[in-house]
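Here is the structure we will look at, set down as structure tokens.
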Amino acid sequence: MSATSMTLYYNSASPFARKVLVLLHETEQTSRVSLKAVSPTPVSPDNELIQENPAGKLPALRLADGNVLHDSRVILDYLDHQHVGNALIPREGSARWRRLTLASLADALLDAALLIRYETFLRPAEKQWREWLDNQQEKITRSLLYFEQEAVTELSSNFDIASISVAAALGYLDFRQPDLNWRSSYPRLAAWYYEVSQRPSMIETQPPA
Ligand SMILES: N[C@@H](CCC(=O)N[C@@H](CS)C(=O)NCC(=O)O)C(=O)O
């Protein structure tokens, strides 16, 4: 595949796009992808992005042959098949299902955080639904507790699909919920996150200040 033969629709604030960018860095494929910044929200879709993904969501990856991949999970899987290094998504066995399940929980945490962002940032204050917001936040709390109690050792073993997804989720919490102070409740997760945050792939893909 020739240089910059793919186009990634992304936004530097998007944690789902960040997962893709981190994998591109980790697998030394950044030069293969041109970046196209888009800023859709559920109430202001991006017309160009809709042509690529009818759901109107980023990330989407246009391949050299014109095919378009979405969502982030599909793109990560595809890109993990395009390099010669160690696979970041285990190809088979129990490791595959465990690492994908941890990644899926990180995505669920992100879905909840993003919905909270939309509810509080886009919806007029008088229409916001407090109980719904609280229950989305509870999804985040339960997921963090699970990662702290059940998964930190596993996450430490390899910086792969699971670790990339959890790291992107924690980065998004710092970005959008800076007062959450999750580190004091989940110290092992905090120590792990501090370590992985030093990786060039994480430094290069930080959300905007
Ligand atoms: N499951 C999707 C979620 C993608 C997603 O929610 N992207 C957000 C930006 S971070 C988006 O495009 N939102 C626009 C919308 O919901 O219309 C994935 O893994 O890629």
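The values are calculated or read from the model by the stated rules, or taken from the named source; none is laboratory data. All values reported here derive from a predicted model rather than from experimental measurement. Methodologically, a virtual Cβ is constructed for each residue, glycine included, from the backbone with ideal geometry; neighbour enumeration extends over all protein chains shown.
Does Arg117 satisfy being of a type in the set (Lys, Arg), outside any loop (DSSP other than H, G, I, E, B), within 23 Å of Ser12 (Cβ to Cβ) and assigned by TED's automatic domain parsing to the domain that holds Pro15? Answer is no for this residue.
Figure legend. Inter-residue proximity from the stretch 169-191: first residues closer than 13 Å to Ile116 by Cβ, second residues aromatic (Phe, Trp, Tyr) and in a helix (DSSP H, G or I), beta-carbon distance below 7 Å, spacing 6+ or different chains. Indicated pairs: Leu173/Trp182.
What do you reckon, is Pro54 outside the structural domain of Asn158 (by TED's automatic domain parsing), more than 30 Å from Phe159 (Cα to Cα) and either touching a residue at least 40 places away in the same chain (Cβ under 8 Å) or surrounded by 13 or more Cβ atoms within 10 Å (Cβ to Cβ) (or both)? No. For Leu110, state whether it is of a type in the set (A, V, I, L, M, F, W, C), surrounded by 17 or more Cβ atoms within 10 Å (Cβ to Cβ) and within 14 Å of the chain's Cα centre (by Cα). Yes; evaluated as a whole, the condition is true for this residue.
When residues in the stretch 28-51 are screened for being in contact with a helix residue (DSSP H, G or I) (Cβ under 7 Å, 6 or more places away or on another chain) and without any contact (Cβ under 8 Å) to a residue 40 or more places away in the chain, 4 of them pass. If you filter the stretch 63-86 down to residues that are over 18 Å from the mean Cα position of the chain (by Cα) and without any contact (Cβ under 8 Å) to a residue 40 or more places away in the chain, you find that the one that is nearest to the ligand (Cβ to nearest atom) is Val68. Being more than 9 Å from the ligand (Cβ to nearest atom) and either closer than 28 Å to Ala162 by Cβ or touching a Pro at 6+ places or on another chain (Cβ under 8 Å) (or both) is the filter here, so list the residues in the stretch 51-62 that pass it. Glu52, Leu61, Arg62 - these are the residues of the stretch 51-62 that are more than 9 Å from the ligand (Cβ to nearest atom) and either closer than 28 Å to Ala162 by Cβ or touching a Pro at 6+ places or on another chain (Cβ under 8 Å) (or both). Does Ala151 satisfy being in a helix (DSSP H, G or I) and farther than 30 Å from Arg91 by Cβ? In short, no. Between Ser31, Ser14, Ser44, Ser94, the distinction of being more than 8 Å from the ligand (Cβ to nearest atom), under 30 Å from Thr120 (Cβ atoms) and hydroxyl-bearing (Ser, Thr, Tyr) belongs to Ser44 only.
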